[in-house]
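Have a look at the structure below, then the notes.
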Amino acid sequence: MRISILGSAAGGGFPQWNCNCRNCAGVRGGSLSASARTQSSIFVRDDTGADGILFNASPDILEQIRGRAALQPARQVRDTAIAGVVLVDGQLDHATGLLMLRERGSPLPVWCTPAVAEDLGSGYPVFEVLRHYCGVEHHAIPLDGASFEIPGVAGLSLRALTVPGKAAPYSPHREQGAPGDNIALTISERGRRVSAFYAPGLMAITPAIFDAMANADAVLVDGTFWTDDEMIAQGLSTHTARDMGHLALSGPGGMIEWLARLPAHTRRYLIHINNTNPILDADSPQSASLAQAGIALCEDGMEIVL
Ligand code: MLT
Ligand code: MN
Ligand code: ZN
């Protein structure tokens, strides 16, 4: 299977339009050894077909498609390689791109959990709005561990796992939390026994999550923040990483420690990086420590072939 990293940044992208933090100012001015990043999304195909699955539809989706011939196979006058969209949550950075796909000639096939469908029908009524354009063909993602597939991409099989996290800030249940607000996905290629684990947002690693990570050939996991108080320390927010539904990378119980426990052959990637995160600076000690730990940072345009 081929995983195309369309967008490797968290909400806001990098640099963020209104931000002059060290990273944003540095990449804008060219003094930082870092690349700009669009918002969180990946596209995955099996080895046979042209069509694939879009995981999350970022506000930057049009720019992400424009730069990639593989997403526009041009077999007819209106065409796309996106056979369906799978959402891991209802956050703006993952759902806003659905609106950009409204020119389709048929309803947009979207897989999400019932909790996310509820949010996208009410708190942020993207599904309602799209009814006046192409419409949405909504499919519920099974939360019992059953595998499911996306028609048109028969070579890939998906399995969802609910993960601790947060519903989007606009969600009526932001503070209560519903199962299915946030999921991780295992993407497997039929017949070849290769799989990837994808979790751009998660707040804690449970035994079931660690198991799913350890069974994958590659993991693409939440790399949003280096420390839990990153936004507070930079004077940019009053919220911790955990308040926002993200497990920080460093420190005891952080993502880096969990990644170190995976089997030696597991390929480890961080994705959904916030613009404040020091790992965006290739010359930072934090970047050096990732390299030492065998952890790669996803970049826009990166292709992971399994
Ligand atoms: C998050 O995952 O916390 C988001 O990136 C927030 C956002 O989209 O603004
Ligand atoms: Mn996000
Ligand atoms: Zn910034």
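Quick look at the numbers
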quantity	calculated
Computed E for ALA50/ALA25 - FRET, C-beta separation, R0 51 angstrom, nearest 0.05	0.80
Whole-angstrom gap from region 187-250 to region 143-171, using each part's C-alpha centre	15
Probe 1.4 Å, accessible area per residue of region 2-305, Å²	41
Gyration tensor verdict on region 64-190 (Cα atoms; rounded if a/c is under 1.5, prolate if a/b is larger than b/c, oblate otherwise)	oblate
Heavy-atom accessible surface of region 153-306: percent carbon and sulfur, 1.4 Å	55
Cβ crowding within 10 Å averaged over residues, with 40-49, 244-253, 201-210, 139-148 ranked highest first	40-49, 244-253, 201-210, 139-148
Residues MET302 and ARG66, FRET efficiency given R0 of 22 Å [Cβ-Cβ distance, rounded to 0.05]	0.80
Expected 222 nm ellipticity per residue - DSSP helices of 4 or more, -39500 (n - 2.57), all of the chain, to 500	-4500 deg cm²/dmol
Counted charge near LEU130, where neighbours are those whose Cβ lies closer than 15 Å (Asp, Glu -1; Lys, Arg +1)	-1
Cα gyration tensor, region 2-305 - rounded (a/c under 1.5), prolate or oblate	rounded
Sites excluded, GluC sites (Glu not before Pro) in DSSP loops with at most 10 other C-beta within 10 Å, longest stretch of the chain	176-306
Using θ = phi - 60° and Karplus 6.51 cos²θ - 1.76 cosθ + 1.60, couplings along region 216-223 (whole Hz; Gly, Pro as x)	9, 6, 9, 10, 10, 10, 3, x
Note, ³J(HN,Hα) from phi for region 288-302, Karplus 6.51, -1.76, 1.60, rounded to Hz, x at Gly and Pro	4, 5, 5, 4, 4, 7, x, 10, 9, 9, 5, 10, 4, x, 5
Counted charge near LEU6, where neighbours are those whose Cβ lies closer than 14 Å (Asp, Glu -1; Lys, Arg +1)	-1
For VAL88, distant residues with modelled amide H under 5 Å away	ASN56
Length added when fully stretched, HIS132-ARG261, from 0.36 nm per residue minus Cα-Cα	41.6 nm
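The values are calculated or read from the model by the stated rules, or taken from the named source; none is laboratory data. Not measured: the values here are computed from a predicted model. Reconstructed Cβ throughout: ideal geometry from the backbone, glycine too, with neighbour counts over all protein chains shown. To get the accessible areas, we keep the full protein, side chains included, count just its heavy atoms, and leave off ligands, DNA and RNA. Shrake-Rupley method; radii C 1.70, N 1.55, O 1.52, S 1.80 Å.
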